[in-house]
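Chemist: Supplied in structure tokens, the structure appears directly below.
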Amino acid sequence: MLRKVISPFLILPFALNINPSNVIARETKNNIDKVLEEKSNKPFISYKEIDLIVLDNQELKSLENLVTSAKFNLSSQIAQKYPSLDFQANGLPKYTSGKTYNSNSETLKTSQFTANPSLTIKWDLIDPVRGSEIEIANDNYKIAENNYEIKKKDLIQEARKRYHKYQKSYQDIQNKKFALDLSFTSLDNAKAKLDSGVGTKFEVLEAEAQLSRDKQSLNEKKIEHEINKISLKEVLNLEGDFEISNEQNIIGFWNHKLNKNINTGLDQNLSLKNILLQESIKKSQAKSFLSQNKPNIYISNTLSSTFSRGDSLSTNIDSEKTGSDYTNTISLNFAWSIFNGGQNKKSYNSKIADAKSEKYAFKNLKNVLTTNISKAYLNLKLNEEKIISSLKEIESSKESVRLSRLRYDVGISTLKDVLVRQTELSNAKSKNINALYNYNLNLDELERLTFLEISNTCLENNKIKNNTSICNI
């Protein structure tokens, strides 16, 4: 099996003298329980489903539309490579009327309907700016795709983090309930000793104070648990209620060495790739400015025609008279902006300076990523040790509580010592819960930073005997 359940709530031996009937009787709901009362028939969300559910996030959908926009923009720039076809018509139709008077000649009249359509095909054979614009659009499209993937992976990691936190807060509640049961038992014992004449009122007050603290701590954990649920619901974009597995498990093992983590993480990192693309865009923009001072050569073909009905500049108007003509012109054209005061050259220098700044940003981010990967890896190893040591601490604390309870029962110890041991046991459980939580977070973080996969099994050469490795738990 992939997941080995590490329950941080190890049951104390019966020597702790916890009466089950008393525990059940004490599990009455307070006001907070009523507010947080669970509902039935809620959909179940597993850890593995997070990747798919996150795709419905609104912010992610916004970036998806930006990818589509960048793709259309790239297609638009590529379309500049093909010929363009323009149709123009001066009047459809156009009517002209008038008279021309001259004392030495007859008066001429005009009454005519005309139409002058023209069709022009233009094809840029050499356009120095076009290539740079296509490169810029292509780089922007890649950046948009990378931004989408970056956000998706960040959202998945954040959702996983909140999922683990929600599980952790449930385990914290169970730990506090366990501590509360111990405090009830201590209070019962203190009252029994007081009634029998071998105890003191001071011990009863101590037990009541500890019970009050445990109740308050439990209520705080319940509120925290509900807040974590709301937070998880928000990142998953869920409207209704839901349930998850409350057991806190190891989600896998990390079998990759530190050097491989760093090398793979830097090679696959999309943010680093985006910086390189930004540098490429700046260089393409600089190239575009210089290209504006280069000649533009294009070929054009214009077909124009005229259709008329009626007479123009005639002594007698013939309204039935018709006429038409057409011309077709093919030309090779040349345009060259030779000098514009050095504006393009200065703009070129500006973009080259911007491109150089991206190199420093690349190196800086590379150092940051190297540090983050190293920290996540070392913290993972640290939390592996904490999981093992906290389990051992729980076992020792269980025995300490048992022995202190026996010593108190026979009168050779005080209730204060019992309460201290109870707190130590609760703290040991809390350490184990936190170690599991942080271990899983480190796994998710390493997977996000390095693009390597979490393994389902622990490598054989990493296994150590006598439960001194996370593999053997």
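Chemist: Counting other beta carbons within 10 Å of each Cβ, put 133, 247 in order, fewest first.
Modeler: Working: 133 19, 247 12.
With the sparsest Cβ surroundings first, the list reads 247, 133.
Chemist: Tell me, what ³J(HN,Hα) does each residue in segment 43-52 have, in order and in whole Hz, if you take phi through Karplus 6.51 cos²θ - 1.76 cosθ + 1.60 with θ = phi - 60° and put x for Gly and Pro?
Modeler: With coefficients 6.51, -1.76 and 1.60, one gets x, 9, 10, 8, 4, 6, 7, 4, 4, 7 Hz.
Chemist: Any chance you could count the Lys pairs in segment 167-211 whose alpha carbons are under 15 Å apart, treating pairs 8 or more apart or on different chains as valid? Write down the numbers at each step before the final one.
Modeler: On the way: 168/176; 168/177; 191/201; 193/201.
Going through segment 167-211 pair by pair, I get 4.
Chemist: Treating cross-link reach as a plain straight distance, find the aspartates and glutamates whose alpha-carbon is under 13 Å from the alpha-carbon of residue 346, omitting any fewer than eight places away in the same chain.
Modeler: 354
Chemist: Another question, then. Test of understanding: what is the full-extension gain from residue 365 to residue 76, defined as 0.36 nm times their sequence separation minus their Cα-Cα distance? Walk me through the intermediate numbers first.
Modeler: Values: separation 289, 0.36 × 289 = 104.04 nm, distance 3.31 nm.
That pair, residue 365 and residue 76, stretches by 100.7 nm at full extension.
Chemist: A further question follows. Within segment 219-254, name every residue whose backbone N is under 20 Å away from a label modeled 7 Å from Cα of residue 454 along the Cβ vector.
Modeler: 228-229, 231-237, 243-254
Chemist: For residue 222, list the aspartates and glutamates whose Cα falls under 13 Å from its own Cα; do not include residues on the same chain fewer than 8 positions away.
Modeler: Hits, sequence-local ones excluded: 33, 37, 38, 172, 214.
Chemist: Shifting gears a bit: How do 402, 421 line up, fewest other C-beta atoms within 10 Å first?
Modeler: Working: 402 18, 421 23.
So the residues, fewest neighbours to most, are 402, 421.
Chemist: Once the principal axes of the Cα atoms of segment 300-378 are found, what is the range along each, listed largest first in whole angstroms?
Modeler: Largest to smallest, the principal-axis extents are 102, 37, 21 Å.
Chemist: If I fit a long axis through the Cα atoms of helix 258-268 and take the longest principal axis of the Cα atoms of the chain, what angle between them do I get, 0 to 90°, rounded to 10?
Modeler: Around 30 degrees separate the two axes.
Chemist: I've got another one for you. At what distance in angstrom do the alpha carbon centres of segment 414-440 and segment 127-180 lie from each other?
Modeler: Segment 414-440 and segment 127-180 have Cα centres spaced 34 Å from each other.
Chemist: Specify the angular offset, from 0 to 90 degrees and rounded to the nearest 10, of the alpha carbon long axis of helix 58-78 from the longest principal axis of the alpha carbons in the chain.
Modeler: 30
Chemist: Counting pairs on different chains as well as pairs 8 or more places apart, how many Lys pairs in segment 380-473 have Cα atoms under 16 Å apart?
Modeler: Eligible lysine pairs with Cα atoms under 16 Å apart amount to 9.
Chemist: What's the FRET efficiency of residue 95 with residue 333 using the Cβ-Cβ distance as r and R₀ = 35 Å, to the nearest 0.05?
Modeler: On the way: r = 34 Å, r/R0 = 0.98.
That pair, residue 95 with residue 333, gives E of 0.55.
Chemist: OK, next. Can you report the principal axis dimensions of segment 199-323 using only the alpha carbons, biggest first, rounded to whole angstrom?
Modeler: Computed over segment 199-323, the largest-to-smallest principal extents equal 137, 50, 27 Å.
Chemist: Strictly over 31 Å apart at the Cα level, which of 81/366; 142/165; 122/345 would you flag in this model? Numbers along the way, then the final one.
Modeler: Values: 81/366 38 Å; 142/165 34 Å; 122/345 29 Å.
81/366; 142/165, as the Cα separations exceed 31 Å there.
Chemist: Give the span of segment 414-455's Cα atoms along each principal axis, as three whole-Å numbers ordered largest to smallest.
Modeler: 56, 15, 7
Chemist: Leaving out same-chain residues fewer than 8 places away, which aspartates and glutamates sit with a Cα under 14 Å from that of residue 363?
Modeler: The reachable aspartates and glutamates, counting only those whose Cα sits under 14 Å from residue 363, are 267, 279.
Chemist: Then there is this: Give me, ordered by chain and number, the residues 5 or more places off residue 244 or on other chains with an amide H under 5 Å from its own placed amide H.
Modeler: Close amide H contacts, sequence-distant or interchain: 45.
Chemist: Now, a different point. Given the peptides 335-344, 143-152, arrange them by the average over their residues of other C-beta atoms within 10 Å, most packed first.
Modeler: On the way: 335-344: 9.9, 143-152: 18.1.
Result, highest mean first: 143-152, 335-344.
Chemist: Which value in deg cm²/dmol, rounded to the nearest 500, describes the helix-derived mean residue ellipticity at 222 nm for the chain, given -39,500 (n - 2.57) per DSSP H run of n ≥ 4 and division by the residue count? Numbers along the way, then the final one.
Modeler: Working: 10 runs with 275 residues, N = 473.
-21000 deg cm²/dmol, from helical runs alone.
Chemist: Let me ask something else about it. What label, among (1) 33, 26, 23; (2) 38, 27, 19; (3) 83, 29, 17, belongs to semi-axes √(5λ) of the Cα gyration tensor in Å computed from the structure on display?
Modeler: From the options (1) 33, 26, 23; (2) 38, 27, 19; (3) 83, 29, 17, the structure gives (3).
Chemist: Around residue 469, which amide H atoms from residues at least 5 apart in sequence, or from another chain, sit under 5 Å from its own amide H, with H modelled in the peptide plane?
Modeler: 464
Chemist: Sort 437-445, 234-242 for me by packing, meaning the mean count of neighbouring Cβ atoms within 10 Å per residue, highest on top. Write down the numbers at each step before the final one.
Modeler: Values: 437-445: 21.3, 234-242: 13.8.
Packing proxy ranking, top to bottom: 437-445, 234-242.
Chemist: Beyond 17 Å, how much of the Cα-Cα pair distribution for segment 343-473 remains, as a whole percent? Walk me through the intermediate numbers first.
Modeler: Working: 6172 of 8515 pairs.
Looking at segment 343-473, the distances longer than 17 Å represent 72 percent of pairs.
Read-outs: derived from the displayed coordinates by stated rules, not from any lab. Keep in mind it's a predicted model, so treat the numbers as computed, not measured. Positions of Cβ are generated from backbone atoms using ideal geometry, with glycine treated the same way; all protein chains shown enter the neighbour counts.
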